[in-house]
Amino acid sequence: MHNPALQITSPLAAAVISVDVKLGDQVAKGQPLANLESMKMQTLITAPEDSVILAVLIAAGDTIQAGQLLFEIEAASAISEVTEQMIPEQLGPGNLVEELQAQLAYSSDAMRPDALQRRHKKGYRSARENLVDLCDQNSFIEFGQLAVAAQRERKDTEALRVETPGDAVITGLATINSAEFGVQASQVAVIVNDYSVLAGTQGYFHHKKIDRILDQAGKANLPVVMYTEGGGGRPGDTDVKTQIAGLDVPTFARWASLSGQVPLIAVNNGYCFAGNAALFGCADIRIATKTSWIGMAGPAMIEGGGLGSFAATEIGPIDIQRDNGVVDLVADNESHATQLAQQCLSYFQGDKQSWDCADQAELRKMMPLDRRFVYDIRSIIEGLVDTDSFTELSQPYGSGIVTGFIRIEGVAMGLIANDCRVLGGAIDAEAADKAAGFISLCDQFSIPLLSLCDTPGFMVGPASEEQAAVRRMAKLFIAGANISVPLVTIFLRKGYGLGAMAMAGGSFHHPRYSAAWPAGEFGAMGLEGAVRLGFKKELAAEADVAAREALFNKLVDSMYQKGKATEAAAHLEIDAVIDPADTRAVVVRALGLCG
């Protein structure tokens, strides 16, 4: 007794591409019987069960309609073995996944042992080693991993996959510091230029990958961390036929346009020239290792411009770029640089719930009793703020003002402080420039500010004017006067002239709260200068040197008594005089008024 015939009909209107069985064939469940094509998409017709073909009613090339009868089959009780007519391997999903994994593997360090060895031999890390160290574990989602250089006219696909994986850049989204601040606050866009691929140069797809991730960062307001090692633009992308100079790429404009919208942190190790240097320079915080050379052109471009022949290590070495303010933080190596990037990013991610601090009573002992003696401002800062929370930026540049991030009771803040060991605390053009930029950075990202003031005023004289003092010092007024975040100013000792006003945002009444330590002293200009200028005739009338000196000291002491912190507070020029041990509490309460 035969089993009843089963009819197989077409599920759609289509063209018959192939018929893969004939009358009498035994077929297994799932075995292809025919291949149909509709709207450029192919559909396999497969056996619903183990069976025998009783009728084949179509042929290759036929046009059929939905519901049209294709085959008649008879169910078989069993088919003893599966023949080679089973589903072809190339159609199996397992092989597609394996093919994908093999293609993705080209971008792994394991597939590029020679490149990895060269990096390690120099004491450097690979791009992916930096990536893994930077991001929270398993949080990175990559964009454009399968890209290769636009050089298919020069090289075959295999060579491009081996030699140009990712087109010399890794881009994606990740979380950083999520264990401290939670996943939502820790979302970051990441860009790692890969010097081991075509010297990290910027090619066609390289730019497109960066453009794509910057677009995502802008839309979602995500901070961006970029590793910038690379040699600038690349001339060898032969597949690009519609460019003359390629100067219409949006990468630089997109990156620069994010400044002030999201925090931009750049990290560099090794050579960073031309376009890569331009990206580095646009960042809000710039970190570089001791083995960094950063310049707006590399050796070839400099020589091509007729400006001489230089080794790459002669262009923008770290000691130059540190002292001129290009580099904010100098790291020992890539591991340290990555740690600094994570640390700087944390100030933009939120407040910490747990913190510790030094004994605040120690602050009472840090100010010398003799007003003419200098002290270490960084010791005061470290004693005042949460333990290990102080990150100083651009220390050698504009060193008369200390700038950096701190935390007080876990709250992230920006800090500016005069260093009396540099020019006696006077503010020169460089220091004003640096402080103004830092104030604006904090204001852009709603980070409150603490100013520790001890200055005799702005640096003056012909040499100061040669540094464009008028223009650059004015920036400090402009930045301070336009902040929307709360500012607290604490006068540690001297508060004289325009410089002291600038440290308070332009006026002693501009801060949310202005207070002085008991050693505070105030005046329109430095006491000694004021006496020499205001009492010039009286001093000149004293012919005896000793008598003149005694008069001078008497006049200085008189002005000091009139300008003491308690007198300034009594005249309401400042809000209070406080015990140094209460400084943390005062700052926190003043910021609490922000509501």
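If the chain linking residue 376 and residue 447 were pulled fully straight, counting 0.36 nm for each residue of separation and taking away their Cα-Cα distance, it would gain 23.0 nm.
Report relative contact order for the range 319-445 in percent, whole number only (criteria: Cα-Cα under 8 Å, sequence separation at least 6). The partial results should precede the final answer.
Details: 181 pairs, mean separation 30.3, N = 127.
Relative contact order here is 24 percent.
For the chain, with all protein chains in place and a probe radius of 1.4 Å, 55% of the accessible heavy-atom surface sits on carbon or sulfur. If R0 is taken as 30 Å, the Cβ-Cβ distance between residue 463 and residue 335 corresponds to a FRET efficiency of 0.10. As an exercise, use a Förster radius of 51 Å and the Cβ-Cβ distance of residue 355 and residue 100 to find the FRET efficiency, rounded to the nearest 0.05. In this case the efficiency is close to 0.60. Considered as an equivalent ellipsoid built on the Cα gyration tensor, the range 337-484 has semi-axes of 26, 21, 12 Å, the largest given first. Between residue 550 and residue 184, the simple spin-label model (points 7 angstrom out along Cα→Cβ) gives 7.4 nm.
Of all DSSP bridge pairs formed entirely within the chain, close to 55 percent run antiparallel. Out of these labelled values of percent of Cα pairs over 32 Å apart, (1) 54; (2) 47; (3) 61, which was calculated from the coordinates shown here? Computed from the coordinates, percent of Cα pairs over 32 Å apart corresponds to (3).
With both labels modelled 7 Å from their Cα along Cα-to-Cβ, the residue 247 to residue 539 distance reads 5.8 nm.
Per residue, the chain exposes 47 Å² of accessible surface when a 1.4 Å probe is rolled over the protein heavy atoms with every protein chain present. Across the chain, the mean sequence separation of Cα contacts (distance under 8 Å, 6 or more residues apart), normalised by length, yields a relative contact order of 7 percent.
In terms of the mean number of neighbouring beta-carbon atoms within 10 Å, the peptides 488-497, 429-438, 535-544, 115-124 order highest first as 488-497, 429-438, 115-124, 535-544. Only one residue of 35, 288, 588 has its Cα farthest out toward the positive end of the dipole of the chain, where Lys and Arg carry +1 and Asp and Glu -1 on Cβ, and that residue is 588. Just the projected area, averaged over all directions, of the convex hull on the alpha carbon atoms of the range 257-299: how many nm²? Mean projected area of the Cα convex hull: 2.9 nm². In the frame of its principal axes, the range 428-579 has Cα extents of 60, 40, 18 Å, reported largest first.
Estimated translational diffusion coefficient (Stokes-Einstein, Kirkwood radius over Cα pairs, 25 °C, 0.890 mPa s) of the range 211-329: 161 µm² per second.
Kindly flag which residue pairs out of 155/209; 122/209; 209/290; 208/241; 122/290; 494/564 have an alpha-carbon separation exceeding 18 Å in this structure.
155/209; 122/209; 209/290
Approximating the spin labels as points 7 Å out from Cα along Cα→Cβ, the residue 478-to-residue 528 distance works out to 3.4 nm.
The values are calculated or read from the model by the stated rules, or taken from the named source; none is laboratory data. What you see is a predicted model, and the numbers here were worked out from it, not measured in a lab. No Cβ is skipped: glycine too gets one built from the backbone with ideal geometry, and neighbour counts run over all protein chains shown. Please note that ligands, DNA and RNA were not included when accessible areas were found on the heavy atoms of the full protein model with its side chains. Shrake-Rupley method; radii C 1.70, N 1.55, O 1.52, S 1.80 Å.
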